[in-house]
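The values are calculated or read from the model by the stated rules, or taken from the named source; none is laboratory data. Note that the structure is a prediction, hence the values are computed from the model and not measured. Note: ideal-geometry Cβ built from the backbone for every residue, glycine included; neighbour counts use all protein chains shown.
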Amino acid sequence: MKIALIQDQLLTSAGSERVFLYMAQEFKEADLFTLCYNPDTTWPEFKALQIKTHWLNAVIRNHRVFKMMFPIATVAMERWDFSDYDLIITSSATTAKYIKRFNAPHLCYCYFPTRAIWNFAGYFNGGVGFKEKIFSYFLNYFKKRDVAAASRVNQFIAISESTQLAILKNYGADSKVLFPPVDLERFTQQGVEKAPNFLIVSRLERWKLLDYAIEAFNELGLPLTIIGNGPDKERLQVLAKSNITFVGGVDDEALALAYAQAQAVIFTPELEYGLVPIEAIAAGTPVIALGRGGVLETMIGINDPQDRQPTAVFFPDPTKEALVNAVLQFKEITFNSQALISHAKSFGIPEFRQKIRKIVNELAKKKAGD
């Protein structure tokens with residue numbers, strides 16, 4: 001069976017790119033495609049693989065340009081020919097699901113219906129600049145095209161129940177839930193002493209809502225380390241007091257150590273899933289998270305009705321005051337690091353690879369029986 005495995009883009013070192021890597025490692029027989037690939041800005045493991053790109057790869061070399069060229073990128077995906085393949089697997093939050101020239105079953109592992117379209121206000125964080133106004137003018141048109149693209153998917157896999165509900169609401173499609181995996185061995189640390197600092201790991205973009213975390217730690221005066229890069233970095237640095245340190249991007253080893261040393265990891269956005277909290281507990285470090293979205297599915301709060309060992313303190317609103325109260329509450333609680341690590345094991349790579357292979361096989365058999 002000839003399989004095409006397609007990713008939106010490989011320009012950043014984020015969660016979807018990591019999941020695509022795990023897919024590529026499972027489906028070694030597949031041909032790998034992405035619209036644009038920059039080996040210097042995504043996970044280095046891709047350098048060992050054969051990645052086929054679109055001609056737009058010569059134009060789109062970073063994530064900022066990719067977002068700006070989203071409408072053109074969707075048209076490019078529609079015109080890309082995959083008619084020689086027996087099965088299509090897309091890993092998509094934006095463009096990959098737009099493929100149109102194919103004759104095979106299309107399985108889409110969907111992170112979320114395109115956020116800029118279906119959560120415009122949250123994604124642009126109230127932005128009223130020129131590009132936001134232009135995008136909003138065409139918003140209804142973009143929604144129609146996104147729904148049309150979704151209609152060409154035979155089977156959706158959602159990364160969480162939050163995504164599952166969004167797929168049903170926006171696309172009118174059913175889906176199965178399969179949580180993205182975490183390389184638990186990469187984050188498990190032994191004998192690491194805790195440092196006094198708290199930690200944020202995030203792309204530095206407005207919709208990640210880091211402002212209120214910076215305001216909270218400005219008030220608390222506690223040390224906060226922020227790992228990550230992005231277009232909002234300079235603005236956030238201006239907001240931060242001297243107790244907040246921006247370290248930019250780090251390699252896997254340094255990231256794992258930072259997780260293990262932190263008092264807690266702060267998670268500010270409302271996401272459909274969020275790999276960062278799971279990476280944190282895999283390193284034995286608890287989470288202080290906005291109690292909305294997928295984190296409610298993956299983490300265990302301190303008031304768990306099943307009386308399980310907690311992995312996180314939730315706060316109700318994305319505000320400075322709510323986060324300050326959560327940090328103060330956290331300081332009164334003792335977490336069991338082994339319980340955190342044990343809970344993380346249910347999100348391992350072997351389980352993910354086994355489950356997605358089973359779904360793919362079932363779809364292939366169903367198509368063969370038609």
> Applying the selection to the range 1-31, what residues are more than 18 Å from residue 179 (Cβ to Cβ), under 20 Å from the mean Cα position of the chain (by Cα) and modelled with pLDDT of 95 or more?
Replying inline: 5, 6, 7, 8, 9, 10, 11, 24
>> Quick check on the range 242-254: of everything there that is modelled with pLDDT under 95 and either hydroxyl-bearing (Ser, Thr, Tyr) or not in a strand (DSSP E or B) (or both), which residue is nearest to residue 122 (Cα to Cα)?
In response: 249
> When you scan the range 326-341, how many residues do you find that are surrounded by 14 or more Cβ atoms within 10 Å (Cβ to Cβ) and either over 14 Å from residue 302 (Cα atoms) or touching a residue at least 40 places away in the same chain (Cβ under 8 Å) (or both)?
Replying inline: 6
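Answer yes or no: is there a residue in the range 201-223 that is in a strand (DSSP E or B), more than 27 Å from residue 351 (Cβ to Cβ) and either assigned by TED's automatic domain parsing to the domain that holds residue 274 or among the polar types (S, T, N, Q) (or both). Full working, then the answer.
Restricting attention to the range 201-223, the residues satisfying the condition of being in a strand (DSSP E or B) are 201.
Retained after the next criterion (residues that are more than 27 Å from residue 351 (Cβ to Cβ)): none.
No, because not a single residue in the range 201-223 is in a strand (DSSP E or B), more than 27 Å from residue 351 (Cβ to Cβ) and either assigned by TED's automatic domain parsing to the domain that holds residue 274 or among the polar types (S, T, N, Q) (or both).
Given 153, 75, 65, which one is in a helix (DSSP H, G or I), within 28 Å of residue 174 (Cβ to Cβ) and of a type outside the set (Phe, Trp, Tyr)?
On the way: 153 fails: in a helix (DSSP H, G or I); 65 fails: within 28 Å of residue 174 (Cβ to Cβ).
The unique qualifying residue is 75.
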>> For a quick check of your reading of the model, give me the residue pairs whose first member lies in the range 285-313 and is closer than 14 Å to residue 161 by Cβ, whose second is modelled with pLDDT of 95 or more and small (Gly, Ala, Ser), with beta-carbon atoms closer than 8 Å and at least 6 apart or on different chains.
In response: 295/289; 295/312; 299/289; 299/312
>> Go through the range 31-80 and report how many residues are surrounded by 15 or more Cβ atoms within 10 Å (Cβ to Cβ) and of a type in the set (Gly, Ala, Ser).
In response: 2
>> Which condition from (1) crowded, with 21+ Cβ neighbours inside 10 Å; (2) in contact with a helix residue (DSSP H, G or I) (Cβ under 8 Å, 6 or more places away or on another chain) is the one that residue 232 breaks?
In response: (1)
> residue 363 passes all but one of (1) part of a helix (DSSP H, G or I); (2) in contact with a helix residue (DSSP H, G or I) (Cβ under 9 Å, 6 or more places away or on another chain); which number fails?
Replying inline: (2)
> Among the residues of the range 163-176, is there at least one that is touching a Pro at 6+ places or on another chain (Cβ under 9 Å) and more than 25 Å from residue 5 (Cβ to Cβ)?
Replying inline: yes
> Restricting to the range 36-55, what's the tally of residues that are aliphatic (A, V, I, L, M) and either within 18 Å of the chain's Cα centre (by Cα) or in a helix (DSSP H, G or I) (or both)?
Replying inline: 1
>> If I filter the range 182-208 down to residues being touching a strand residue (DSSP E or B) at 6+ places or on another chain (Cβ under 6 Å) and buried (at least 21 other Cβ atoms within 10 Å of the Cβ), which single residue comes out as farthest from residue 272 (Cα to Cα)?
In response: 198
